[in-house]
Amino acid sequence: MSLPALLLSALMLAATPAWAQLSRDEAAAAAQRATGGRVLQVEPAEQSGRRAWRVKVLTPRGEVRVILIDAEGGRPSR
């Protein structure tokens, strides 16, 4: 790779936002870690004007819970 191409690649990476949009699989993994359960369904949602993932989980106690995972931060919504 030439030096100008390498510099251009480095500049493009530096311009990328610090947070990355959370994927469906990453949201499922975050919900699984938060509940210890088995993910049943993941679909896009919105909460307070922010993007989120709505994750339906079967908990170890046999309860079905819906967890909203913030699509930008990856944290479960309270």
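Summary table below
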| quantity | calculated |
| --- | --- |
| Qualifying positions in the stretch 31-78 - small (Gly, Ala, Ser) and either under 21 Å from GLN21 (Cα atoms) or within 15 Å of the chain's Cα centre (by Cα) (or both) | ALA31, ALA34, ALA45, SER48, GLY49, ALA52, ALA71, GLY73, GLY74, SER77 |
| In the stretch 45-62, the residues that are free of Cβ contacts under 8 Å to residues at least 12 places away in the same chain and either in contact with a helix residue (DSSP H, G or I) (Cβ under 9 Å, 6 or more places away or on another chain) or of a type in the set (Lys, Arg) (or both) | ARG61 |
| Output for the stretch 19-60, where each listed residue is of a type in the set (Val, Ile, Thr) and either closer than 10 Å to ALA71 by Cβ or exposed (fewer than 14 other Cβ atoms within 10 Å of the Cβ) (or both) | THR59 |
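Each value in this text was obtained by applying a stated rule to the coordinates, not by laboratory testing. Predicted model, so just to flag it, every value in this text is computed and none were measured. FYI the Cβ positions are ideal-geometry reconstructions off the backbone, even for glycines, and counts take in every protein chain you see.
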